[in-house]
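The values are calculated or read from the model by the stated rules, or taken from the named source; none is laboratory data. Computed from a predicted model, the values in this text were never measured in an experiment. Note that we place each Cβ from the backbone using ideal geometry, even for glycine, and neighbour counts take in every protein chain shown.
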């Protein structure tokens with residue numbers, strides 16, 4: 001009887017440790033997220049499952065063109081995934097020809113391949129604060145992003161992490177390329 005109790009206690013302690021490690025990994029290191037919608041086409045597709053790196057931004061600042069995950073402000077348990085275009089302290093503007101300017105200079109990028117039809121709030125210069133970021137979806141005309149009030153400028157504290165690895169579908173398995 002004593003050995004049975006000892007075995008139960010040992011197994012319970014082991015399971016508790018496994019659950020604690022899993023909790024800490026999900027809370028502080030990484031999490032799985034699923035892409036819903038086409039706002040990041042052709043980089044990411046509807047239904048893609050990703051692992052999000054939640055730890056690297058503790059050691060360095062987010063960079064231009066990083067693909068990041070952040071919570072949608074108006075709906076619980078809803079997360080958006082977009083690409084960082086504007087960094088803290090910069091001014092972002094999108095003209096009516098669809099060109100993106102950072103501090104008055106044309107941004108050279110190849111992610112949004114279509115002409116932006118709606119510059120939204122960025123038709124006028126958008127000045128970013130010391131800890132603010134401006135994000136866009138790669139499928140620019142099918143994305144709700146920093147051009148619109150629903151998303152707006154993001155604070156550093158809102159960034160959950162950086163898209164790291166696509167784990168589904170298996171034929172696209174691999175590291176998510178940011179730049």
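Points worth noting:
- Taken over the stretch 49-66, the residue count meeting the criterion of being in contact (Cβ under 8 Å) with a residue 12 or more places away in the chain and not in a loop (DSSP other than H, G, I, E, B) is 7.
- Residue match in the stretch 79-101 (condition: at positive phi and at pLDDT 85 or above): yes
- Flag if residue 70 is in a loop (DSSP other than H, G, I, E, B), within 20 Å of residue 35 (Cα to Cα), within 12 Å of the chain's Cα centre (by Cα) and touching a residue at least 60 places away in the same chain (Cβ under 8 Å): no
- Top-ranked residue in the stretch 140-164 [being more than 12 Å from the chain's Cα centre (by Cα) and under 25 Å from residue 55 (Cβ atoms); ranked as surrounded by the most Cβ atoms within 10 Å (Cβ to Cβ)]: 146
- Listing of strands (runs of 3 or more DSSP E) fully contained in the stretch 73-131 that carry 1 or more residues being under 16 Å from the mean Cα position of the chain (by Cα) and surrounded by 14 or more Cβ atoms within 10 Å (Cβ to Cβ): 79-86
- Of the listed requirements (1) within 15 Å of residue 176 (Cβ to Cβ); (2) surrounded by fewer than 16 Cβ atoms within 10 Å (Cβ to Cβ); (3) at pLDDT below 85, residue 36 misses just one: (1).
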